[in-house]
Amino acid sequence: MRSIVLASQSPRRKQLLEWAEVSFEIFARETAETYPAGLATADIPVYIARAKAEAVRGDIGTDRIILAADTVVVLDEQIIGKPKDPADAVRMLSLLSGRKHQVITGVVLMQGEKAVSFSELTEVNFHPLSQEQIRFYVEKYKPFDKAGAYAIQEWIGVTGIESIRGDFYNVMGLPVSKVVQLLEQFQAGNK
């Protein structure tokens, strides 16, 4: 598989691609994570991922394959973003405590004018969490760069998640097995 460009600074996406032994380099631009009103919830992370891919396309040329992704946490049909500060992280985790929510990752593969996109949904169910557990996690792990204020691969995921339905790695930020399959198809179509 040829090397691709990862349009993301996410250490988790980098780690997942490394685990999958995908050759890549990181080239990301700061991109506003905004979207038009009325967009379907499942389309929002795809919209943002496309903006991330387009932000770097002009800088790297049209012959390279760009991979961009965005992950959102959805509770009661409302997107929960990244926390602004520790109090906001505690608030978000308190909302998720004892409840089921969805994690949706939008993925875009782009090369020149050719683009393929999809979204992947995973349901996550938290055990009830005490305020002490939530504060411990926020103080120790500082989940301020994470949608929904948590990382499934950290302490809170190991101790606080009752169940998931869907792709575990999607909750980390990239449905990597589906991405690898699409990359292989994408590259085969370019031969």
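What follows is calculated from the coordinates using simple rules that are stated; it is not laboratory data. Predicted, not measured: the structure shown is a model, and the values here were computed from it. Positions of Cβ are generated from backbone atoms using ideal geometry, with glycine treated the same way; all protein chains shown enter the neighbour counts.
Taking the Cα centre of the chain as the origin, how large is its charge dipole in debye, to the nearest 20, when only Lys and Arg (+1) and Asp and Glu (-1) carry charge on their Cβ atoms?
Computed about the Cα centre, the dipole is about 140 debye.
Once the Cα atoms of the range 117-189 are picked out, what are the Rg and Dmax in Å?
Radius of gyration, then largest Cα-Cα span, for the range 117-189: 15.2, 52 Å.
Before rounding to the nearest 500, sum -39500 (n - 2.57) across all DSSP H runs of length at least 4 in the chain and divide by the residue total; then give [θ] at 222 nm in deg cm²/dmol.
So the calculated ellipticity at 222 nm is -11000 deg cm²/dmol.
Please compare each pair in 146/178; 52/142; 114/178; 84/142; 52/100; 14/140 to a cut-off of 20 Å on the Cα-Cα distance and tell me which ones are over it.
With Cα atoms farther than 20 Å apart: 146/178; 52/142; 52/100; 14/140.
Specify whether the C-alpha gyration tensor of the range 1-125 places it in the rounded, prolate or oblate class, a ≥ b ≥ c being the square roots of the eigenvalues: rounded for a/c under 1.5, otherwise prolate if a/b is larger than b/c and oblate if not.
Prolate shape, in that a/c is at least 1.5 and a/b is the bigger ratio.
Taking the Cα atoms only, what angle lies between the long axis of helix 176-188 and the longest principal axis of the chain, rounded to 10 degrees?
10
Please identify, among 150, 35, 47, the residue showing maximal mean-square fluctuation in a Gaussian network model of the chain using a 10 angstrom Cα cutoff.
Of 150, 35, 47, the most mobile in the Gaussian network model is 35.
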